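Everything below concerns the one structure shown next.
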Amino acid sequence: MPDYSLEMALRKRGIWPVAGCDEAGRGPLAGPVAAAAVILAPDDLPEGLDDSKKLSAATRDTLFDVIMAKAVAVSVSLSPHGEIDALNIRAASLLAMRRAVGALSVAPAHVLVDGNALPPNLRCGADAVVKGDGRSLSIAAASIVAKVTRDRLMRRLDDAFPLYGFARHAGYPTQAHREIGRAPV
């Protein structure tokens with residue numbers, strides 16, 4: 001389970017506030033990449049935070065509301081398909097992360113970023129934290145906010161384009177997609 005030790009170690013060194021940053025949507029065949037940045041209040045940490053992939057949709061939705069109510073600051077940025085196609089999925093994800101951090105209403109002194117790469121040109125210090133959404137509460141919160149935001153957007157897209165079934169699979173590859181790819185032409 002993630003904890004708040006990385007954030008507290010930075011705070012003890014006088015580095016505060018600390019934001020967590022993560023993305024959702026690097027694996028889908030459709031839809032944007034969503035990145036979120038979250039600064040949690042150290043004296044009012046939400047309970048139950050974890051890597052969004054380990055939580056049910058209902059639990060993520062509940063925690064999303066708790067994070068939005070309790071966090072010092074939250075920001076979300078999207079990289080749409082045109083950006084993904086022009087840059088590549090990795091670069092578009094890092095760009096969305098940089099924008100999310102830059103849009104926080106409280107400027108962080110440091111950012112903990114999920115993964116092994118940092119967004120370029122951040123205006124503060126940062127650490128890449130491999131499997132950070134399972135290690136840091138701030139990154140776990142960002143993971144949840146990014147995933148819920150993207151899933152809600154994909155459900156809205158399903159209303160406009162019901163043929164694609166985005167409400168069921170949020171653009172992630174499914175067995176049906178694989179079967180269509182193997183069908184004779």
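Would you pick out the residues in the stretch 50-96 that are of a type in the set (S, T, N, Q) and closer than 20 Å to Ala117 by Cα?
Within the stretch 50-96, the first condition is being of a type in the set (S, T, N, Q), and the residues that meet it are 52, 56, 59, 62, 75, 77, 79, 88, 93.
Result: Ser52, Ser75, Ser77, Ser79, Asn88, Ser93.
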- Would it be correct to say that Arg90 is crowded, with 20+ Cβ neighbours inside 10 Å and out of contact with any helix residue (DSSP H, G or I) (no Cβ under 6 Å at 6 or more places or on another chain)? no
- Item | Matching helices (runs of 4 or more DSSP H) fully within the stretch 1-101 where at least 3 residues are of a type in the set (Val, Ile, Thr) | 57-70
- Considering the stretch 141-169 alone, what residues qualify as being surrounded by 23 or more Cβ atoms within 10 Å (Cβ to Cβ) and either at pLDDT below 90 or aromatic (Phe, Trp, Tyr) (or both)? Phe166
- Going by the conditions given, is Leu112 at pLDDT 95 or above, part of a helix (DSSP H, G or I), open to solvent by less than 50 Å² (accessible area, probe 1.4 Å) and of a type outside the set (D, E, K, R)? no
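The values are calculated or read from the model by the stated rules, or taken from the named source; none is laboratory data. Because the structure is a prediction, the values reported are computed rather than measured. Using ideal geometry, Cβ is built from the backbone for each residue, glycine included, and neighbour counts are taken over all protein chains shown. Protein only, heavy atoms only, side chains kept; ligands, DNA and RNA dropped before computing areas. Shrake-Rupley method; radii C 1.70, N 1.55, O 1.52, S 1.80 Å.
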